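The structure appears right after this line, and notes come after that.
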Amino acid sequence: MIVFGGDYEHTVQVSSVQNGIDLEYRVLSRPELFAKVLERQDFDVCEFSLSNYVMMRDRGDDWLTAIPIFPNRAFRHGTMLVRQDETMESFSELAGKRVGTADYTMTGGVWGRGIYAEYYHLHWSQVEWFSSGKPRFTPPEAARVTTLDDDIEDALAAGRLDAILYPRTRDALLPAAGRRFRPLIKNWRAAEAEYYRSTGIYPISHVVVLPRDTIARHPDLPDAVVAAYTDSMKRTKQRRLAASFLPWGDAIWSDTMEFFGGEPLPYGLGAENQATIAKLQDYLVEQELIGRRYSLPDLFWPH
């Protein structure tokens, strides 16, 4: 059985035999992963956007289900970017401004808009939104999203946009002295740490989904996939992956694990993940992306 997922250190050993099922982990880019699900391509197991999964279920797509494996998370305070010469330094200053994003309904966007509204007095309706490419889902009319024809980073650099809510940019790969953009708030790392201390939320981005007809043919597959991800994570922590490559990595590893109580990427439906999923659904409802909240049994196998 093929498990499609992202290129992470903590998934390198998902390929294994679990419960008598031979699992092969294959790395795909995010667009390829999401296309597997959104276009209903053939797959056994696939990593997918958590917000888009909930939106699909809200729209009646019951051909797939999820297991409580969350391979990707990210804080969102540092992903609102402006030009280096921009004078704005607070989210509230974006009211009335032009903000671009890769896709309005992506999970990172949902988290960002929710956090900015709840903690920084910037409601999503106060912003003029621009989205690049074909949207995964039609944004609500109240969001006033315009399709951007040109490259989103070039549009920001040229002044056609005032900011971009963009988790991964080409600009970030350049040497620091050559970067055109900076995070809007300069103390974003401290803000993210304080957000976690006060809420206990490390925002979930992705979940693992399976087609129901695949499970019907292989009823032990969900448990096998959970076991594979769990075992791979356990080995990652035992080997302290990422601690040995960079200078000071060992100290950073220890400090980070202590900050997160030894589990920065928890799987399962424990209290922390329940609170995180509930908050994401609060934001999805408030942003008019889903019509109602769903219980955990509504969203996760075996229901």
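The values are calculated or read from the model by the stated rules, or taken from the named source; none is laboratory data. All values reported here derive from a predicted model rather than from experimental measurement. Virtual Cβ from ideal backbone geometry, glycine too; neighbours counted across all protein chains shown.
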Could you check region 234-260 and list, in sequence order, the residues that are within 24 Å of the chain's Cα centre (by Cα) and polar (S, T, N, Q)? Thr236, Thr256
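Out of the residues in region 98-119 that are among the β-branched types (Val, Ile, Thr) and more than 15 Å from Glu288 (Cα to Cα), which is surrounded by the fewest Cβ atoms within 10 Å (Cβ to Cβ)?
Narrowing region 98-119 to residues among the β-branched types (Val, Ile, Thr): 99, 101, 105, 107, 110, 115.
Next, from what is left, pick out any that are more than 15 Å from Glu288 (Cα to Cα): 99, 101, 115.
Numbers: Val99: 26, Thr101: 27, Ile115: 24.
Ranking the candidates gives Ile115 first.
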Given the options Thr230, Thr214, name the one that is within 18 Å of Arg73 (Cβ to Cβ) and among the hydroxyl-bearing types (Ser, Thr, Tyr). Thr230
Which of the residues spanning region 79-91 are over 30 Å from Glu47 (Cα atoms) and assigned to a loop (DSSP other than H, G, I, E, B)? Gln84, Asp85, Glu86, Thr87, Met88, Glu89, Ser90
When you scan region 92-209 for helices (runs of 4 or more DSSP H) that lie fully inside it, which ones turn up with 2 or more residues that are touching a helix residue (DSSP H, G or I) at 6+ places or on another chain (Cβ under 9 Å) and under 27 Å from Met257 (Cα atoms)? 107-120, 188-199
For Met88, indicate whether it is surrounded by 20 or more Cβ atoms within 10 Å (Cβ to Cβ) and aliphatic (A, V, I, L, M). no
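For (1) outside the structural domain of Asp220 (by TED's automatic domain parsing); (2) under 19 Å from Ile215 (Cα atoms), each residue gets a yes or a no:
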{"position": "Gly6", "(1), (2)": "no, no"}
{"position": "His10", "(1), (2)": "no, no"}
{"position": "Val14", "(1), (2)": "no, yes"}
{"position": "Gln41", "(1), (2)": "no, yes"}
{"position": "Asp44", "(1), (2)": "no, yes"}
{"position": "Ile67", "(1), (2)": "no, yes"}
{"position": "Ser90", "(1), (2)": "yes, no"}
{"position": "Ala95", "(1), (2)": "yes, no"}
{"position": "Thr101", "(1), (2)": "yes, no"}
Restricting attention to region 219-240, the residues that are assigned to a loop (DSSP other than H, G, I, E, B) and surrounded by 16 or more Cβ atoms within 10 Å (Cβ to Cβ) number exactly 0
Report, by residue number, each residue of region 102-145 that is farther than 20 Å from Leu50 by Cα, over 20 Å from the mean Cα position of the chain (by Cα) and either at pLDDT below 95 or not hydroxyl-bearing (Ser, Thr, Tyr) (or both). His121, Leu122, His123, Gln126, Val127, Glu128, Glu141, Ala142, Ala143, Arg144, Val145
Any idea how many residues of region 16-38 are closer than 16 Å to Thr214 by Cα and among the β-branched types (Val, Ile, Thr)? 2
With the requirement that a residue be of a type in the set (D, E, K, R) and either in a helix (DSSP H, G or I) or farther than 30 Å from Thr138 by Cβ (or both), what does region 259-303 give you? Glu263, Glu272, Lys279, Asp282, Glu286, Asp298
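Which of the residues that make up region 129-142 are surrounded by fewer than 19 Cβ atoms within 10 Å (Cβ to Cβ) and touching a residue at least 12 places away in the same chain (Cβ under 8 Å)?
If we filter region 129-142 for residues that are surrounded by fewer than 19 Cβ atoms within 10 Å (Cβ to Cβ), which is where we start, we get 133-135, 137-138, 140-142.
Passing the criteria: Gly133, Pro135, Phe137, Pro140, Ala142.
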